[in-house]
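Nothing in this text is a laboratory measurement; each read-out follows from the coordinates by a stated rule. Here the structure is a predicted model, which is why all the values come from computation and not from measurement. Cβ sites come from the backbone with ideal geometry, for glycine too, and all protein chains shown count toward neighbours.
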Amino acid sequence: RQAANLQVVTTTAGLADKVKPESEMEKEIAEMLGEEMGKAAEEDQLLPSNTLTKEELKERQAKLAKMRSVLFYQDQKAKRLKAIKSKRHHKYLKKVEQRRIEKEGIDMDPEAMRKEVEHAEYLRARERLTLKHKNTSKWAKHALQRGFHRLDDSTKTALSEQNRISEALRRKVNYQDESEDYSSSEEESD
C-alpha cells in the first residue's frame, strides 16, 4: 500500500529537475550551468533561421530529384556499355578513339601523332594478350582437363591456334618493348 504513494521519475531530466543544490559547491555549479544555458539560448536567438519557403523547398527537391535521376541513368548506361562484348561495338569504339586521336593530332606534330598511334596499338595488343588466347576459358580448361591426347582433331586444332595467336601477340608486345627501349637509348645517347 505504501507503493501507491511513491512517484516514480523515469527520465534523467525529471531527476535533474527534482534535485536542489544544497552545498556551496553544488550551488556554484548550478549557477555556472544556469549562466551557460542562458548564453546558449541567446546564441540560438541570434542565429538566423534556415527556413525555406514552400516554393524554394519545391525547387530544391525538384533539383535534387533531377540530379538523382541523371546520376542513376548515367550509372545504368555505364553498366550497359561495360557489359557489351560484341566485336562490332569494339570496332566502333576503336574508330571513335581513332577519330579522337586524329582530331587531337591536328594540333600535334606528325611524330607525336605516330607515337600516339603506336602506343594505342601497343596497349591494344597488351590487352588482347591478357584477355584472350591463353587457354583460360571455361571451354579450354575443360578440354585440357580431359587430356590433350583424348581430344578430337578439331579441338586440338582450336587449342593449337589459340596458343599460336598467344605467342604471336606475345612476340609483338615484346618487340614493342624492345623497340621502345632501343629508341629511348638512342635518344639518350644523342
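Counting only residues at least eight positions apart within a chain, or on another chain, the lysines with an alpha carbon under 25 Å from that of Lys77 are Lys63, Lys66, Lys85, Lys87, Lys91, Lys94, Lys95.
Each label was represented as a point 7 Å from its Cα along the Cα-to-Cβ direction; for Lys27 and Met67 these points are 5.6 nm apart.
Length gained on full extension, Ala78 to Lys115: 10.3 nm, using 0.36 nm per residue less the C-alpha separation. Rounded to whole numbers, the Karplus 3J(HN,Hα) couplings from phi for the range 51-60 are 8, 10, 6, 4, 5, 4, 5, 5, 4, 5 Hz, using 6.51 cos²θ - 1.76 cosθ + 1.60 with θ = phi - 60°, and x at Gly and Pro. Taken along the Cα-to-beta-carbon direction at a fixed 7 Å, the label points for Ala41 and Arg99 span 7.1 nm.
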